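> Below is one structure. I have some questions about it.
The values are calculated or read from the model by the stated rules, or taken from the named source; none is laboratory data. From a predicted model like this one, the values you see are computed outputs, not experimental measurements. Ideal geometry is used to build each Cβ from the backbone, glycine not excepted, and the neighbour counts take in all protein chains shown. Surface areas here come from the heavy atoms of the whole protein model, side chains and all, with no ligands, DNA or RNA. Shrake-Rupley method; radii C 1.70, N 1.55, O 1.52, S 1.80 Å.
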Amino acid sequence: MSTAQIRPVVREGGTVTDHLLAANARYAERFEDPGTDARPVLGVAVVACMDARIDLHAALGLSLGDCHTIRNAGGVVTDDTIRSLTISQRALGTRSVVLVHHTGCGLESLTEEFRHELEREVGQRPGWAVEGFTDVDQDVRQSLRKVRTSPFLPHTDDVRGFVFDVRTGRLREVTARS
């Protein structure tokens, strides 16, 4: 399906965004300021895929304020991910990094051909790579290497990578040698 065929979902009584705004109004009525600042309580930044099947905070037992959460397609460590991790570590005190990729990721079936099709469709080349992969463990290892070797990150001694199983909810650790 091309992007031109995708239409916003409309529910009875408005768009999805209208429903999200109504949910926010209900949330705000009960909201209590946690009294924390932008520094994560646990001193950890989590990089994960944006996949809607992953309730990251629930899966890791995290509460509001515990971590910085950086999500993108595939949980890929891009220049922007390094930017966010650098700010997280150098300005906001995190020392640990957890990478969470997952089974059944959409990037496993995407190639750079996606960029070429997009360029043909819109007439402009995207300035980013798709970063598709066929082996999730190898992709986690590549992400681990990118974080551990970044000259911008002063804290790389506690960087670990995992694959989240979307069917069982379990994390499986991936090491440099696994």
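> If you stretched the chain out fully between ASP55 and ALA129, how much longer would it get, using 0.36 nm times the residue separation minus the C-alpha to C-alpha distance?
Separation in residues times 0.36 nm, less the Cα-Cα distance, equals 24.0 nm.
> Quick one: what are the phi-derived ³J(HN,Hα) couplings along segment 150-162, Karplus 6.51/-1.76/1.60 with θ = phi - 60°, whole Hz, x for glycine and proline?
With coefficients 6.51, -1.76 and 1.60, one gets 5, x, 8, 9, x, 10, 10, 7, 10, 10, 9, x, 9 Hz.
> Keeping the other protein chains in place, figure out the carbon and sulfur percent of the accessible area of segment 1-133, with a 1.4 Å probe.
With neighbouring chains kept in place, the figure for segment 1-133 is 54 percent.
> Please report, in whole Å³, the volume per residue of the convex hull around the C-alpha atoms of segment 85-124.
114 Å³
> Spelling out what I want: for every residue of segment 55-60, take phi, set θ = phi - 60°, compute 6.51 cos²θ - 1.76 cosθ + 1.60 (Karplus), and round to whole Hz; glycine and proline get x.
Values per residue, Gly and Pro as x: 8, 4, 4, 5, 4, 9 Hz.
> Moving on to the next point. Rounded if a/c is under 1.5, else prolate if a/b beats b/c, else oblate: with a ≥ b ≥ c from the C-alpha gyration tensor eigenvalues square-rooted, which is segment 61-100?
Verdict is oblate for segment 61-100.
> Something else: So for each of 72-80, 84-92 I average, over its residues, the number of other beta carbons within 10 Å; can you give me the resulting order with the highest mean first?
72-80, 84-92
> Which residues' amide hydrogens lie under 5 Å from the amide hydrogen of HIS68, considering only partners 5 or more residues apart or on another chain, with H built in the peptide plane?
VAL44, ALA45, VAL46
> Sticking with this structure for a sec: When a/c reaches 1.5 or more, the comparison of a/b and b/c decides; with that in mind, is segment 77-148 rounded, prolate or oblate per its Cα gyration tensor?
Oblate, because a/c is 1.5 or more while a/b does not exceed b/c.
> Using only the alpha-carbon atoms of segment 1-118 as identical scatterers, what base-10 log of I(q)/I(0) does the Debye formula give at q = 0.15, 0.21 Å⁻¹?
Rounded to two decimals, the profile gives -0.95, -1.21.
> Still on this model: What list of ³J(HN,Hα) couplings, whole Hz, do you get for segment 121-126 from phi and the Karplus terms 6.51, -1.76, 1.60, once you set θ to phi - 60° and write x for glycine and proline?
Each residue of segment 121-126 in turn: 6, 9, x, 9, 7, x Hz.
> Relative contact order of the chain, please, whole-number percent, based on alpha carbon pairs below 8 angstrom and at least 6 residues apart.
Value for the chain: 20 percent.
> Please give the length that would be gained between PHE114 and ASP33 if that part of the chain were fully extended, namely 0.36 nm times their separation in residues minus their C-alpha to C-alpha distance (nm, one decimal).
24.9 nm
> Further question: Compute the distribution of all C-alpha to C-alpha distances in segment 46-178, in bins of 10 Å from 0, and list the percent of pairs in each, rounded to whole numbers.
Reading upward from the zero bin: 12, 41, 34, 12, 1.
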